[in-house]
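The values are calculated or read from the model by the stated rules, or taken from the named source; none is laboratory data. Everything quoted here is computed from the prediction, not taken from an experiment. Cβ: placed from backbone, ideal geometry, glycine included. Neighbour counts: every protein chain shown. Quick note on the areas: whole protein, heavy atoms, side chains included, nothing else; ligands and nucleic acids left out. Shrake-Rupley method; radii C 1.70, N 1.55, O 1.52, S 1.80 Å.
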Amino acid sequence: PGGRGIPGAGGGHLRGNEAVARLDGVTVEDHVGRTLAEVAPLVAESVSPILAEVQRTGVAIRDLELEVERHGERRTTLASFFPIETESETQYGHLVVDITALRRAEAASAAAEQRYRRLIEQLPLVTYVYELTPSCHATFVSPQIEELFGYPVSEWTADVTLWDRVVHPADIAIVRRAEAEARERHEPFELE
């Protein structure tokens, strides 16, 4: 959810929307005429120096990731602060998107990937992940590959031609054909 608020020259909000109200934990009506420090003091601690910099320089600050605390909970937001020129005065707006769920999902995904890699690295087999586009190259190779073929993981991920040099020249055409057919059918293949 994203929120938008526009504080006036005196610092009190001229307007806001439901999303920013949810982020700050008060109603839209409670924003109007009140400063961020009055509405959400803990959020204001993080945001006020940034807004002061925008007011001082007149230069927007965009896509700033901030950790803020609200009602005892840490939230991650992506915020932009910018001046708004009107005929009579300069006002300052801010757009805020709560990305807490996204960051938590990324952290959970990274942790799951780390557990998966540790598991894979314990199995008595070689596991690899190849990215096929835009160019075919290994993005992950389990460390067991060095024992099997004598080349470290770093060489497998750096050299896209290494597999062609490791497979016996008489077998490379058979391997390539089996790989292509398996990709076309979206099926695994087994080849000795």
Study note, to complete from the structure: All-but-one check, Glu121 against (1) under 20 Å from Glu190 (Cα atoms); (2) in contact with a Ser or Thr (Cβ under 7 Å, 6 or more places away or on another chain); (3) loosely packed, with under 13 Cβ neighbours inside 10 Å, failing number (1)
Point to revise | Residues of segment 33-57 that turn out to be exposed (fewer than 15 other Cβ atoms within 10 Å of the Cβ) and more than 29 Å from the chain's Cα centre (by Cα), as a count | key: 4
**Study point:** Of all residues in segment 165-192 being in contact with a helix residue (DSSP H, G or I) (Cβ under 6 Å, 6 or more places away or on another chain) and open to solvent by 60 Å² or more (accessible area, probe 1.4 Å), the one that is nearest to Ile120 (Cα to Cα)
**Key:** Phe189
**Study point:** Members of segment 139-164 that are polar (S, T, N, Q) and either in contact with a Leu (Cβ under 7 Å, 6 or more places away or on another chain) or open to solvent by less than 50 Å² (accessible area, probe 1.4 Å) (or both)
**Key:** Ser142, Gln144
Check your understanding: From the list Arg74, Arg115, Arg103, Arg62, which one is charged (D, E, K, R) and under 30 Å from Gln144 (Cβ atoms)?
Key -> Arg115
Exercise for review: Enumerate the pairs (first residue in segment 8-21 and at negative phi; second residue anywhere and assigned to a loop (DSSP other than H, G, I, E, B) and at pLDDT below 75) with beta-carbon separation below 7 Å, excluding pairs fewer than 6 apart on the same chain, so at least 6 apart or on different chains.
Suggested key: Leu14/Gly8; Ala19/Pro1
Point to revise | Enumeration of residues in segment 23-57 that are in contact (Cβ under 8 Å) with a residue 24 or more places away in the chain, under 22 Å from Thr100 (Cα atoms) and assigned to a loop (DSSP other than H, G, I, E, B) | key: Gly25, Ala40
